[in-house]
Structures are given as C-alpha cells and as structure tokens.
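Only one structure is covered here, and it is reproduced in the block below.
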Amino acid sequence: MDVVNVDQSAMREAAQRAVAVAGGGVKGDGGLVLVIGGSRAYTAPPYLAGLAARRTGAHGVRIAAPPGPAAVHAALEAHLIETPGPELDADAVRTVARLSARIAERLTADGARGRVVWLVGPGLGGSPQAGQVLDALVEARRQDRAAALVVDGSLGGGSMARRRVRALGADMVLLNRHEARVLLPRARPSGREDALDAAELAELARELGAVVVAKGEVDRITDGIRAWQVSAGHPGLARHGTGDVLAGVAAGLLAQKLPAPDAAALACHLVGTAGAELAVGTGPGWLSQDLLGAVAAALRDLLATTDEPRPI
C-alpha cells in the first residue's frame, strides 16, 4: 500500500473547506461536539478535549463527564451535562442521545451546515463503569446513528472492543502505539514492539469500518484502502493530555463537515505544529492546556500562509 506524505499545502486546502473556518455565518455552521468520557481517576481529559474542539471553530460543545476541578474552567466555553454520581452511567448516555437528536433537528431547522459529533473515550478508561457506559452507547447507536462518532482509545482492546467500535459505527478511531497493538485483529509475534506497519493498520481499519489514526513520531492514518502520514509532530507531545487535545481537534473538524481522513490529517498537523512551536517558545515544561492556544495559532498561521512566491 502506497503511503501519501501530507504536506502543508494539502492541510491548508483542507482547513479552507472546514465550514466555520471558511467563514460560516449561521450559528451551528461549526457543528456541535458531545464529549462522553472521564472518571474519578481521570477527570480532566473530557474537558480538555471539549475545549480543543472549540479551538478549531466548533460552535458548541456539551460534555458528559464526572465533575472535577477542570469542569469549572470548561464551563466558560461548554455546556456541562450533569452526572449525579462520581462516574458516568447508562442514564447519562441516554441523556446524551436525547440531546443529540434535538440538536441535530435544530441544526437542520436553522439551515446550519455543521453536524453533531460524539467524542467517546477521553478519560473513560479509568472508570469501573466503563463497560456499562459503552454498552449503553452501543444501544443508543442502534436507535440512532445520525451523528458522526470519534473513538479515542482502544476501549479495552481485544475482540470485544473491535465489536463495540463496529457497533458504535465509528467514523474515526485515535490510538497510541500500545492501544493500536491491543486492538489488532491478529496477534503480533512476541517481542515485536516496533511501530505498526501500513498493512496491519489497514486491516484494522477495514475490520473497524473506520478511519484509524496511529499516533507517534509520525502520525499514520488509513481508511483501510488508502494511507497517509503526517510528519509535523514533536517528541514533546508524548505526555499526558496531548491525545485528548488531538481527539477534540479531530472531532471539532469533523463537526465542520470535513471527511474523516481530512479531519484526522489536519488534526495531526495542527497538534504536531503546535507542539513544535511550544517546544521552541516555552521549552520542555509546557503544559497540555498551553496546547489549546497553540493549536488555534497553528490554524491561524496555516490559513495565512501561501505557496505563491513572495516578491523580492
């Protein structure tokens, strides 16, 4: 399988096709992202992801997650869906499903060009009720698959996780190297810890029926037939929180009607570029929350650049 190296020109063209980025004037043109995740063990990830979606131009974000300190900050830019207990449960999922249907109807009635996207997974892996939440999500998606859906993580790995991803009807699955390995349909030989090759990722994408993103020093993307790689990353991105930002950026771009491969590639480019800029401007001690502003700046700069030669 040939792998296409995604360059800046292609990323700028993709950004220009994102509805809100391209100057959408109707409320809702940027779409809406519903984030479903978090746990008592990991309270910040869903809120970080929700704010990242806003930084791409998504016009609205709703977050269903256990309360935590990060919720106070996120509430300035996102609507929070109350959860009565310390962990998400099936009732919270049903609330999300009802809300999603109402929002989709409103977007259509208003003539907005954006769409509803569910982002499932940031911080959910730390919850003892993750299985119950995922089962409720699968049931909700059996009733209504109108919204696009992004999965962040392996959902526990193995054949059950692959069945869940297929049942969810995911458009995109974001994985780090370990998550990708445990989700593979074929076991890898013992002791083989190198990066997954294009054929392995393509097989996984075909089985899941989704665009798969394998994060790393070079981000690799495939829909099972075609493959791309984005080389804009930086080693400093290998830290907690950056994957949550990437997931939010990808969901925000998908909400603006970018096709899943384009949304995935542009998200990888923006987060990689932002990480490299922070490493230069701030040094190795930059925080994951710093990445939010840096992503917005990377998008701004991408749209401001041109391939045409400048006059001397």
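The table below lists the values:
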read-out: Residue satisfying condition, being touching a helix residue (DSSP H, G or I) at 6+ places or on another chain (Cβ under 8 Å), open to solvent by less than 60 Å² (accessible area, probe 1.4 Å) and modelled with pLDDT under 95, within set I81, I63; value: I81
read-out: Breaking point among (1) within 21 Å of G31 (Cα to Cα); (2) assigned to a loop (DSSP other than H, G, I, E, B), for G248; value: (2)
read-out: The one condition in (1) in contact with a Lys or Arg (Cβ under 9 Å, 6 or more places away or on another chain); (2) more than 23 Å from V138 (Cβ to Cβ) that V35 fails to fulfil; value: (2)
read-out: Single residue of R145, R163, R98 found to be over 27 Å from G68 (Cβ atoms), open to solvent by 20 Å² or more (accessible area, probe 1.4 Å) and not in a loop (DSSP other than H, G, I, E, B); value: R163
read-out: Residue in region 187-196 that is at pLDDT below 95 and surrounded by 17 or more Cβ atoms within 10 Å (Cβ to Cβ) present; value: yes
read-out: Yes/no for R54 being without any contact (Cβ under 8 Å) to a residue 60 or more places away in the chain and not hydroxyl-bearing (S, T, Y); value: no
read-out: Filtered residue count, region 11-48, keeping only those that are surrounded by fewer than 19 Cβ atoms within 10 Å (Cβ to Cβ) and either more than 24 Å from P261 (Cβ to Cβ) or of a type in the set (S, T, N, Q) (or both); value: 6
read-out: Per-region count, region 197-222, residues over 28 Å from A294 (Cβ atoms) and either in contact with a helix residue (DSSP H, G or I) (Cβ under 8 Å, 6 or more places away or on another chain) or in a helix (DSSP H, G or I) (or both); value: 11
read-out: Any hit, region 232-242, residues being among the β-branched types (V, I, T) and either out of contact with any Ser or Thr (no Cβ under 7 Å at 6 or more places or on another chain) or part of a loop (DSSP other than H, G, I, E, B) (or both); value: no
read-out: Which numbered condition A297 misses (of (1) farther than 21 Å from S154 by Cα; (2) surrounded by fewer than 18 Cβ atoms within 10 Å (Cβ to Cβ); (3) touching a Gly at 6+ places or on another chain (Cβ under 9 Å); (4) among the aliphatic types (A, V, I, L, M)); value: (3)
read-out: Residues being out of contact with any Leu (no Cβ under 6 Å at 6 or more places or on another chain), open to solvent by less than 20 Å² (accessible area, probe 1.4 Å) and part of a loop (DSSP other than H, G, I, E, B) - total across region 255-287; value: 3
read-out: So E139, is it on the phi < 0 side of the Ramachandran plot, modelled with pLDDT of 95 or more and open to solvent by 50 Å² or more (accessible area, probe 1.4 Å); value: yes
read-out: Residue selected from region 102-114 under the condition under 18 Å from L254 (Cβ atoms) and open to solvent by 70 Å² or more (accessible area, probe 1.4 Å), by the criterion modelled with the highest pLDDT; value: T108
read-out: Residues located in region 1-10, provided they are open to solvent by 70 Å² or more (accessible area, probe 1.4 Å) and either polar (S, T, N, Q) or within 30 Å of G125 (Cα to Cα) (or both); value: N5, Q8
read-out: Unmet requirement for G38, which otherwise passes all of (1) in contact with a Ser or Thr (Cβ under 9 Å, 6 or more places away or on another chain); (2) without any contact (Cβ under 8 Å) to a residue 60 or more places away in the chain; (3) part of a loop (DSSP other than H, G, I, E, B); value: (2)
read-out: Residue within region 148-156 that is in a helix (DSSP H, G or I) and more than 17 Å from the chain's Cα centre (by Cα) present; value: no
read-out: Selection from region 22-59 of residues that are polar (S, T, N, Q) and farther than 20 Å from D91 by Cα; value: T56
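Every residue, every condition in (1) within 26 Å of A267 (Cα to Cα); (2) in contact with a strand residue (DSSP E or B) (Cβ under 9 Å, 6 or more places away or on another chain), yes or no:
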position	(1), (2)
A109	no, no
L134	yes, yes
A148	yes, yes
R164	yes, yes
L168	yes, yes
L174	yes, yes
H178	yes, no
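The values are calculated or read from the model by the stated rules, or taken from the named source; none is laboratory data. A quick note: this is a predicted structure, and the numbers were derived from the prediction, not measured. Glycine gets a Cβ as well: all are built from the backbone with ideal geometry, and neighbour counts include every protein chain shown. What goes into the accessible areas is simple: the full protein's heavy atoms, side chains included, and nothing from ligands, DNA or RNA. Shrake-Rupley method; radii C 1.70, N 1.55, O 1.52, S 1.80 Å.
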